[in-house]
Each structure stands twice: as structure tokens, then as C-alpha cells.
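Notes follow the structure.
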Amino acid sequence: MKRLERKNVLITGGAGGAGAASVRLFAQEGARVMIADRDGEAARQLAEELAGAGHEVDWVHADVSLVEGARTAFQAASERLGRIDVLFNHAGIILVKPFLDCTLEEWDELMDNNAKSAFLMTRLVLPQMLERGKGTLVFTSTTGVRAATHLEALYCASKAAMHQLARALAALERDQGIRCNLICPSFVRTRHGEHEIAQLRSYGVLASESDVNAMQGRICEPEEVAEVALFLASDASSFVNGAEVFVDNTFTAV
């Protein structure tokens, strides 16, 4: 039996990078998947590709950092999937910049995309999970909640807010049949990750390929993040709750 057979999954930020890798893997493992992303064209192309291969994948153009966008994503998933068994809060952005150069607008943008989006989506999906007495929440965090990264104060702060929200939810809803876990990747070979590395290097931070190799052996592939997301979304992790899974090949261990 496939690992997500008969599971309905909503993935925010699922149109690219590790989010797209997760959409592909989840669909292959039998899930019915709804992609919510503000890059509607990329979401459409991915959904049509996978649907053409016989998988049940749909998409919605939505910016889940906004109240209306989150509601649009939730309504589309509810209408096309029915119940939502798994919510994967993957949407997020990054900013590499000296702290004193950061603006209030950038602070709000990071908080909206990395913390508020997860709050909005979870608040919408959780009631139906509680009504059924079962549901799975997965959040994409970062190694930056443990090993703060140069020039990423706003990113680390916004991800830390989301991170602690997830842990608090796990403790709060454990006895109601809800599991909530976190994935904490380091440098990943995605557009997001490559942009981060390029920005760090532009400020003179040691972030070449050899530097990344020294810190974590090699760069992480998006499919490796997706495999962890699959485990946390599946019943194989039935006794894993409130966990922080660092996908970083010792980056935070040494």
C-alpha cells in the first residue's frame, strides 16, 4: 500500500523547490494533493504534468500570507478534496541583509510570509481536523532557529516565531488526535537556496560550494527534504509529535 493512500494533502508554497519535490512524492505515494502558491503559472504546470501522469493533483493561485489568499487556498482545497488530512505549511521567503539596513516593511514581509501564513492556514484547517479527531500538520522551518545565520536576522526571527507556534500546537492538540512536526533544512539546491547563497556571497560571507561542503558535506537535494516531509505526513510517524527534524547532515551538530 502506498504511504499516503487515501490522504488529502494541502501544500502551500508547493510550486517550486522542496515544495514541488514534496508534491511529486506525495502524489506518487497515493495522496490527492492541492498546491497553493502565489506563482500560479508554476503551480498550474506542475499540477497538469502530474495529473497527466495519472495522479490526483490540483492547484490554486493564492498568496497565503494574506487573509483572503489563505481563505482562497482553504476553500479550493475543501471544495476539490473534501476533508484535509495533511496541511504542509511550506510557503516562505528569505532576506539576506545587515540588520541595521532592514526596514519595518521588510520585517512585516518576512513575518507575514514565514509566520503569519502558517498561522492563517492552520487556523482555517485545524477545526475540521479537531472535529474528526485526527489530522497532521507539517511546517518547514530552518536550521536558523538553532544556528543563526549571518545577515539573516529577520529570516531567523520570523521562522522562529513559526517554529514555536508549531511546537505549541503539538503540545496543545496532542490529546485531540493532532500531530504537528517541523522540518529544519540547511542549504538546499533550490532557487530559494541558491538565491540565499548568492546573497551571502555578495556580502562577503563564505558561502561557496566548497564552504557549504565544509559545513554540511554537500548541498541538500530538494527530494531529500521531501522524503522527510513524506515520513512526517504519513502514518509511519504516528508517535512523532512536536519533533524538530534537522535535515542538515550535521550542520547544527558541530
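The values are calculated or read from the model by the stated rules, or taken from the named source; none is laboratory data. What you see is a predicted model; the values in this text were computed from it and never measured. Areas reflect the complete protein model, heavy atoms only, side chains present, ligands, DNA and RNA absent. Shrake-Rupley method; radii C 1.70, N 1.55, O 1.52, S 1.80 Å.
Solvent exposure of the chain, expressed per residue, is 46 Å² of accessible area, with all protein chains present and a 1.4 angstrom probe.
Taking the helices alone, the chain has a mean residue ellipticity at 222 nm of -14500 deg cm²/dmol, built from -39,500 (n - 2.57) per DSSP H run of at least 4 residues and averaged over all its residues. Straightening the chain between E41 and A253 buys 72.4 nm, computed as 0.36 nm per residue apart minus the Cα-Cα spacing. Once the Cα-Cα distance is subtracted from the 0.36 nm per residue extended length, the A168 to E106 segment shows a gain of 19.7 nm.
Its Cα gyration tensor gives the stretch 1-117 an equivalent ellipsoid; the semi-axes, largest first and in whole Å, are 28, 14, 12. Rg/Rh for the chain to two decimals, with Rh computed the Kirkwood way over all alpha-carbon pairs. Rg divided by Rh gives 0.95.
From the square roots a ≥ b ≥ c of the eigenvalues of the alpha-carbon gyration tensor of the stretch 61-209, which class results: rounded (a/c under 1.5), prolate (a/b over b/c), or oblate? Cα axes put the stretch 61-209 in the prolate bin. In the stretch 91-227, the portion of solvent-accessible area held by carbon and sulfur atoms comes to 54 percent [1.4 Å probe, whole percent, DNA, RNA and ligands not counted]. I need the shape label for the stretch 213-254. Rule: rounded when a/c is under 1.5, else prolate if a/b > b/c, else oblate, with a, b, c from the alpha carbon gyration tensor. Oblate.
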